Amino acid sequence: MNELVPASTRVLRPPDGYRFAQSVRTLAMGAHDPCARFVGDAFWWAARTPTGPATLSLRRAGTDLRADGYGPGARWVTERADAVAGLRDDVTGFAPLVESHPVLGPLARTLHGLRMPATGQVFPRLLRAVLEQKVTGKEAYRAYAATVRRFGSPAPGPVQPLLIPPEPAVIAAVPYWVFHPFGVEQRRAQTLSRAAAEADRLERCADAAETSRRLTAIPGIGPWTAAEVVRISHGDPDAVSVGDYHIPNMVSWALAGEPRGDDARMLALLEPFRGHRGRVCALLTAAGRHAPRFGPRMPIRSFARF
């Protein structure tokens, strides 16, 4: 197989107003994620599939979206390309829910093409989420990128460097001290090892609810990590990152004009939108409705709980 040319291609037809870049950008940790990023006008996503390593390329083709798969798992990723692009996201009922809200109504109309991706893969997002626990965004990226570069493998396709996320079994077998040079202390390293050991069971979960239950049963993983994972792996529109440093403030500011809020206040404000609470947070984030900053500037993603 020539891994530099597509082994599988599919043409997708997004809805009118589909926001391609904003929808898929949540799959990458910044512009330099070693496993997923934009190169030119195409989004490249590397995955370890049941049929082998694969790379999915998504790019606009007029009003369509072209999905090209590379490598042994090419067919697997192109068959799921619509989900990865967020095109299986069911927004039914969201517009009526927010149409009368003075903030969310206009935002939902303006950003009606925003969709939530669903990769169908738990461990890659879990790896990143554990490394994001209780540190700044810069520290989390350093640990994540170093881990992937050490234990990942080259992805098929013409874009290099692009890496396949590490195998869970490999991560599970790594002694905690190996992560120290990456800025990862013993607590997160051992949480990551426990999570990797449960990866097969997690991937077999029937839905986001079961996945969340199994995740939070692992020592070191709490509601924040579980929500961060299922929002991407399952495209769960109701997943709320309880324990985040910034999101309660963002929700309180956008929905109540209060510059600071805690988890309880955030959940109370989001309750009328149950079923789409995570979508509300995604909408506010995409619109840049962040709370005003007081004191030293903090990274957007920092000091989350577990």
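Give the carbon-plus-sulfur fraction of the accessible surface of the range 232-291 in %, rounded to a whole number; probe 1.4 Å, heavy atoms of protein chains only. It would help to have the intermediate numbers written out before the result.
Working: 1210 of 2220 Å².
Of all accessible area on the range 232-291, carbon and sulfur atoms account for 54 percent.
Give me the percent relative contact order of the chain, please, defined on Cα pairs under 8 angstrom at least 6 residues apart. Dividing the mean separation by the residue count of the chain yields 18 percent.
Leaving out ligands and nucleic acids, note down the accessible area per residue over the range 1-137 with a 1.4 angstrom probe, in whole Å². Present the calculation step by step, with values, prior to reporting the outcome.
Values: 5760 Å² over 137 residues.
Here the per-residue accessible area is 42 Å².
Between the range 161-189 and the range 192-270, how far is it from one alpha carbon centroid to the other, in angstrom? The two parts, judged by their Cα centres, are 22 Å apart.
With a cut-off of 10 Å between beta carbons, the residues surrounding ALA7 carry a summed charge of -1, where Lys and Arg count +1 and Asp and Glu -1.
Note on the chain: with a GNM built from Cα contacts shorter than 10 Å, the maximum mean-square fluctuation among VAL130, VAL251, VAL91 falls on VAL91. Placing unit charges on the Cβ atoms only, positive for Lys and Arg and negative for Asp and Glu, gives the chain a dipole magnitude near 540 debye about its Cα centre.
Quote the relative contact order of the range 59-140 in percent (integer), defining contacts as alpha-carbon pairs under 8 Å separated by 6+ residues. Before the final figure, lay out the partial values.
Details: 51 pairs, mean separation 19.2, N = 82.
Taking the mean separation of contacting Cα pairs over the length of the range 59-140, I get 23 percent.
The GNM of the chain, with springs linking C-alpha atoms under 10 angstrom apart, assigns the highest mean-square fluctuation among GLY73, GLY257, GLY220 to GLY257.
Can you divide the C-alpha Rg of the chain by 2.2 N^0.38 Å and report the result to two decimal places?
On the way: Rg = 18.9 Å, N = 306, 2.2 N^0.38 = 19.4 Å.
The chain yields a ratio of 0.98.
GNM remark for the chain: springs join alpha carbons under 10 Å apart, and the peak mean-square fluctuation among GLN186, GLN160, GLN133 falls on GLN160. Which FRET efficiency value, to the nearest 0.05, do you get for ALA169 and ARG75 by plugging their Cβ-Cβ distance into 1/(1 + (r/R0)^6) with R0 = 22 Å? After rounding, the FRET efficiency stands at 0.35.
Of the solvent-accessible surface of the range 64-115, computed with a 1.4 Å probe over protein heavy atoms with every protein chain present, carbon and sulfur atoms account for 51 percent.
Per residue, how much accessible area does the range 216-300 show when a 1.4 Å probe rolls over the protein heavy atoms, in square angstrom? Walk me through the numbers before you get to the answer.
Working: 3460 Å² over 85 residues.
In whole numbers, the range 216-300 has 41 Å² accessible per residue.
The values are calculated or read from the model by the stated rules, or taken from the named source; none is laboratory data. Because the structure is predicted, anything quoted here is derived from the model rather than measured. Note that we place each Cβ from the backbone using ideal geometry, even for glycine, and neighbour counts take in every protein chain shown. Accessible surface areas use protein heavy atoms only, side chains included; no ligands, DNA or RNA. Shrake-Rupley method; radii C 1.70, N 1.55, O 1.52, S 1.80 Å.
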